[in-house]
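Worksheet for the structure shown next.
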Amino acid sequence: VSAGGVTEIDAASKLLSSRNLLIPVHGVSRPMLRDTFAELRGMKAHEAIDIAAPRGTPVVATDDGRVVKLFRSVAGGLTVYQFDRDEHFAYYYAHLDSYADGLREGAMLKRGELIGFVGSTGNAAYDAPHLHFTIYQLSPGKQWWRGTPVNPYPFLGDR
């Protein structure tokens with residue numbers, strides 16, 4: 001790693017670029033996305049993108065990988081943490097209205113597989129359903145709740 005972790009960031013960007021990540025909300029295309037990663041939420045950077053869609057819109061896996069945690073939090077509401085297949089990254093899906101039938105921790109997901117539905121649980125405004133989505137670069141301990149936030153916006157496509 002060089003000064004400031006630049007080499008590590010470049011390696012993560014290169015790896016994510018090769019993943020062909022799917023926009024995780026059904027029917028949303030690239031021009032409809034807005035980069036909200038660096039926007040302030042109170043005194044803190046958002047560190048995620050919000051993908052607006054009607055309540056109940058299907059949310060799908062952005063990449064192949066394993067569900068590591070289904071969790072209800074005060075801020076994120078109904079959430080899914082998914083590790084990519086190589087366990088370099090965690091994909092975080094929040095404010096879900098509900099999970100897909102049969103979704104469970106340990107389940108292996110294929111890119112595009114249904115994981116849940118857009119909602120406004122947690123601290124999201126009820127009248128503004130959306131998917132709060134981010135990517136975390138995992139630390140060596142591979143803990144689902146800890147990692148370095150990575151802006152998903154440059155890596156999501158319609159493919």
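Odds and ends about this structure:
- Only Cα pairs under 8 Å and 6+ residues apart enter the sum, and on that basis the relative contact order of the chain stands at 27 percent.
- To the nearest 10, the accessible area of Tyr81 is 30 Å² with a 1.4 Å probe.
- In nm, spacing of pseudo-spin labels at Lys14 and Gln143 (7 Å Cα→C-beta vector): 2.9 nm
- Counting protein heavy atoms only, the chain has 56 percent of its accessible area on carbon and sulfur, 1.4 angstrom probe.
- Region 43-91: relative contact order in percent, alpha carbon pairs under 8 Å with at least 6 residues between: 26 percent
- Region 1-136, accessible area per residue, ligands and nucleic acids excluded (1.4 Å, Å²): 49 Å²
- Annotation for Ser73 and His26: the two label points, set 7 Å from Cα along the Cα-Cβ direction, are 2.6 nm apart.
- Length gained on full extension, Tyr126 to Leu114: 2.1 nm, using 0.36 nm per residue less the C-alpha separation.
The values are calculated or read from the model by the stated rules, or taken from the named source; none is laboratory data. Here the structure is a predicted model, which is why all the values come from computation and not from measurement. Cβ: placed from backbone, ideal geometry, glycine included. Neighbour counts: every protein chain shown. Ligands, DNA and RNA are excluded from the accessible area calculation, which covers all protein heavy atoms including side chains. Shrake-Rupley method; radii C 1.70, N 1.55, O 1.52, S 1.80 Å.
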